[in-house]
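This report concerns only the one structure given below.
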Amino acid sequence: GNQKATHLENSQGKKSQHAEEAIFYMNCRAAYLTVLKSSLENIKSKEQLSLVLQQAGRNPSQKTINKYWTSQTTSLNFDDFCAILRKEKPATKNELLEAFGKIDTDKAGYILHDELYKILTTRGDKMTWEEVATITKQADFNCSGKLDYNKFCELYLTTSEQCCKAARDRLEVDPRLRQQQFGNQTENPSEGITLPVSKPSPRISRRTDHRLAKGDSRAPSRPSSAQSGRTSTSTTVTAGASSSRNTKLIIEPDTMKEWQCAQSKGCFYLEEDGEIISHKYRLHLPQRSAVCITIKPLNIPQAEGKSCHWLSVDTTLFILKENETQENLQLVSFTELQHKEMFGWRGELGSGIYWLLPFTTGCRLRKVKPQIPGEAKLVWRDEDGELALTKEFRAALLDIFETIDLDGNGLLSLEEYNFFELRTSGEKCDQEAWAVCKENFEMKKNELTRQGFMDLNLMEANDRDGDPWDLWVTLLSLGYNKALEMTEACPFVIDICAERCKPRIKAISLEAGGSQLSRALCRSVVNKGEAKVLDGSENIIIHTYKSGSRITSVIENKSENKVIIHVNNEQSKNCLNNRGLTVFAVEVAPKSMMVSQHVMPLDEQEEWIYSCVHSLV
C-alpha cells in the first residue's frame, strides 16, 4: 500500500512537472510567433531578439542583448530563444523594489524626478531625457515631481503579463499559428516529456571544425497531421516492464578474485542552462589485459524521508584510445550491458592510455521547478552565542565529502579539493593556500579530513557572521535545492578490473562532454544500431539503438545539402525524451550526423513503447 501511494505520488509529481513544461513552451511559442511567421524561421537581428523577448514579458537591457548576440552571431533559432528565456527570468516585484530601494535611501517610497533623470541618463543603459520624460509624465505613478515606485512596479508587472497574455490570445484565435502545435504536448502534458537537450551558447560562433553532431533542433512549422505524402520511415520498439534492467553483466565474481582493480568516483552536474558537465578520466594499462569496466550512480545512504533522486539517472562510459595526441582519440567501446542501475563492458584492451568519458542522456537529470515549503537552516547559535552547523547541513556536507573524495580513501587531496573549488567558486587553491589550510584545519598525510572539511565550512559561516549566503552558493552549485536535497547532480562510481595488470585511473577535468563525446555517441549508435533508409531518400539514414533501458536515434545525412527532419513521437507510450517535445524538427548539416533524441521509460514498472516517425520536411 505504501509503495502504491509512493508510486502514485511520484507519477503525479512528474505529470505536474510536464504540465509546467507544456505551459512554458506554449508561452515561448506564443511570443516567437508574434514576431516571426514560423517556429522554423530564425531571429535575424538584435532588434528582432529584443522584440521577441519583450513579447515574452522580458525587458532586456542592451547588455543582455549583446550577451546573446555577438559580432559572430548571424541568427538564433527557436531552441536558442527557449534557452535564453530559461536564463533570463522575468523580474519579480521584490527585485524591482530592492533596486529602487538602493536609490531611495530614506525608504520614503518616492524618488525625486531630478534624481531619476540623473541616474537613468548617466548609468547603465543610458536613456535620453525624452525617454525618461515619458516615464515621469505618467499620472498613474507620478505626483508633485516625485515617482511612486511601488505603483510603477505594479504597473510594470501588469503590463508585462498583459503582453504575454496578448501573445497567447493571438495564438489561440489565429488558425495559421494554432496549427504549429508542438505535437500533443498541450493536449496531453502527462506523456512524460523533459527539457530540451542543451546546445552551444548563442554567444559562440555557429561555425565549427567538427562535422559530426552538428545541427539545430527546432519546432515544426507544419501540423503533425501533415505527415502523409512525406518521405518518411517509422521505428517501433516495445519493452516489457523492467525487462531492460535484467540484462546481467557476463561477469562471475569467482573468476575475478585475482584481478587487480581501481576505482574512482565522479559526478554529473546540471548547469543553469541545462547543460551537463562531469569529470573526465585517463586510464593507464601497463600491458594488454582482459578488462571489466562498470559505472553506476553512487549510493549515498540518506536520512529517513530524503529521496535519492539521482539513483534513477542513466549512466554510460565511453572508452576511447589515445593515439599520438590527446585530440586524436579512437572509440573502442562503451558500457552497453545493464544490470539494475549498473552499466558495464567487458573485453580486452591493449597497453596504453585510454580516456573514459561519462555520459547521461538528460532524460532524468534535468531542471525541475522546485516545490519546497521552506528553506533549510544551515547554522545556529548555541547558548554561548557561538555559531554551529545544523544537523541537516552537517549531513549534507558529509554527503558532499563522500562525492568529492574521488579515490574513496576518506581524505581530500589538493587535487580532489580543487575540483570542488572549481565547481563552487571557479578558482583553484594553490600549494601556498593549502599550507595555510593545513595550519588551521585537520589534515592527515597532507590531505583534508572530514572534520577539517566541516570546520572549513564553519569558518566560512563565521566569516559572514552567520549569513548563509556563501554556503548556499556552494550547495546550489553542487546540485542541492533549498530543502538540502540533491536534485540537480548525479554522483557516480567507476570500477575497473584487469586480469593481468594494475589499472590506474585519474580524473583529469570537470567539463562538458564536447565534440569528442558527441562523435563517440553518434559512432556507437551507427556501429551497433539498426539502420533504416528514409523511404525515397537514400542519402538520409536513421540509426536506432536500444541499450538497456534507453533508446538513442541518430540521423545521418550523406547528401550535399542540409536537411530538416520532422520527428513525431505521438504514438509512443510511457516514454520521456531529452528534448522536451513530442513533435519537433531537426536540421542536419550536409555530410554529417547528429543525435535525434534519447528516449527512456517514464515508469519502468510498466510496459513502454517507442514509436517514432522521421519525415523529410
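The values are calculated or read from the model by the stated rules, or taken from the named source; none is laboratory data. This one's a predicted model, so the numbers in the text were calculated from it and none came from an experiment. A quick note on method: Cβ atoms are made from the backbone with ideal geometry, for glycine too, and the neighbour counts reach across all protein chains shown. Accessible surface is based on the protein model in full, side chains and every heavy atom, while ligands, DNA and RNA are left aside. Shrake-Rupley method; radii C 1.70, N 1.55, O 1.52, S 1.80 Å.
Quick notes on this one:
- Among the residues of the stretch 452-465, at least one is part of a loop (DSSP other than H, G, I, E, B) and within 16 Å of VAL379 (Cβ to Cβ).
- Of all residues making up the stretch 424-451, the number that are closer than 30 Å to GLU272 by Cβ, open to solvent by less than 40 Å² (accessible area, probe 1.4 Å) and not hydrophobic (A, V, I, L, M, F, W, C): 1
- Of all residue pairs spaced 6 or more apart or on separate chains, those with beta-carbon atoms under 9 Å, a first member in the stretch 466-492 that is free of Cβ contacts under 8 Å to residues at least 24 places away in the same chain and a second member that is open to solvent by 40 Å² or more (accessible area, probe 1.4 Å) and of a type outside the set (Asp, Glu) are ASP470/ARG464; LEU476/LYS482.
- Extreme residue, nearest to the chain's Cα centre (by Cα), among residues of the stretch 1-41 that are assigned to a loop (DSSP other than H, G, I, E, B) and at pLDDT 80 or above: GLU41
- Breaking point among (1) part of a loop (DSSP other than H, G, I, E, B); (2) surrounded by fewer than 20 Cβ atoms within 10 Å (Cβ to Cβ); (3) at pLDDT below 90, for ASP254: (1)
- Condition check for ILE111: open to solvent by less than 30 Å² (accessible area, probe 1.4 Å) and either polar (S, T, N, Q) or under 15 Å from ASN150 (Cα atoms) (or both): yes
- For the stretch 577-602, a tally of residues being open to solvent by 10 Å² or more (accessible area, probe 1.4 Å) and at positive phi returns 1.
- Members of the stretch 603-617 found to be surrounded by 22 or more Cβ atoms within 10 Å (Cβ to Cβ) and either under 12 Å from ALA239 (Cα atoms) or among the acidic types (Asp, Glu) (or both), listed by number: TRP608, TYR610
- ALA166 vs. criteria of a type in the set (Gly, Ala, Ser) and open to solvent by 50 Å² or more (accessible area, probe 1.4 Å): no
- Yes/no for ILE542 being in contact with a Lys or Arg (Cβ under 6 Å, 6 or more places away or on another chain) and among the hydrophobic types (A, V, I, L, M, F, W, C): yes
- Of the criteria (1) within 29 Å of the chain's Cα centre (by Cα); (2) small (Gly, Ala, Ser); (3) not in a strand (DSSP E or B), which one SER559 fails: (1)
- Going through (1) assigned to a helix (DSSP H, G or I); (2) open to solvent by less than 10 Å² (accessible area, probe 1.4 Å) one by one, TYR417 falls short only on (2).
- For THR424, the conditions (1) hydroxyl-bearing (Ser, Thr, Tyr); (2) within 17 Å of PHE268 (Cα to Cα); (3) modelled with pLDDT of 95 or more all hold with the exception of (3).
- The stretch 428-439 residues that are without any contact (Cβ under 8 Å) to a residue 60 or more places away in the chain, paired with ones that are surrounded by 14 or more Cβ atoms within 10 Å (Cβ to Cβ) and aliphatic (A, V, I, L, M) (beta carbon under 6 Å, 6 or more apart): TRP434/LEU414
- Test: LEU49 is crowded, with 16+ Cβ neighbours inside 10 Å, within 30 Å of SER144 (Cβ to Cβ) and not aromatic (Phe, Trp, Tyr): no
- Pairs where the first residue, in the stretch 520-544, is within 14 Å of SER596 (Cα to Cα) and the second is among the acidic types (Asp, Glu), C-beta under 6 Å, 6+ apart: ILE541/GLU556; THR544/GLU530
- Top-ranked residue in the stretch 452-462 [being of a type outside the set (D, E, K, R) and surrounded by fewer than 18 Cβ atoms within 10 Å (Cβ to Cβ); ranked as nearest to GLN263 (Cα to Cα)]: LEU456
- For the stretch 486-531, a residue qualifies if it is closer than 13 Å to TRP355 by Cβ, among the aliphatic types (A, V, I, L, M) and open to solvent by 40 Å² or more (accessible area, probe 1.4 Å), and exactly one does: ILE508.
Quick grid of which residues meet (1) on the phi < 0 side of the Ramachandran plot; (2) without any contact (Cβ under 8 Å) to a residue 24 or more places away in the chain; (3) of a type outside the set (Phe, Trp, Tyr):
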| position | (1), (2), (3) |
| --- | --- |
| LEU33 | yes, no, yes |
| THR70 | yes, no, yes |
| ASP80 | yes, no, yes |
| ALA83 | yes, no, yes |
| LYS87 | yes, no, yes |
| PHE100 | yes, no, no |
| TYR117 | yes, yes, no |
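- Qualifying residue in the stretch 568-575 (condition: part of a strand (DSSP E or B), touching a Leu at 6+ places or on another chain (Cβ under 7 Å) and farther than 17 Å from SER611 by Cβ): no
- Residue list for the stretch 116-127, filter: out of contact with any helix residue (DSSP H, G or I) (no Cβ under 7 Å at 6 or more places or on another chain) and open to solvent by less than 90 Å² (accessible area, probe 1.4 Å): THR122, GLY124
- Test for ASN574: is it open to solvent by 10 Å² or more (accessible area, probe 1.4 Å), in the same structural domain as LYS546 (by the TED database) and either farther than 22 Å from CYS522 by Cβ or in contact with a Cys (Cβ under 8 Å, 6 or more places away or on another chain) (or both): yes
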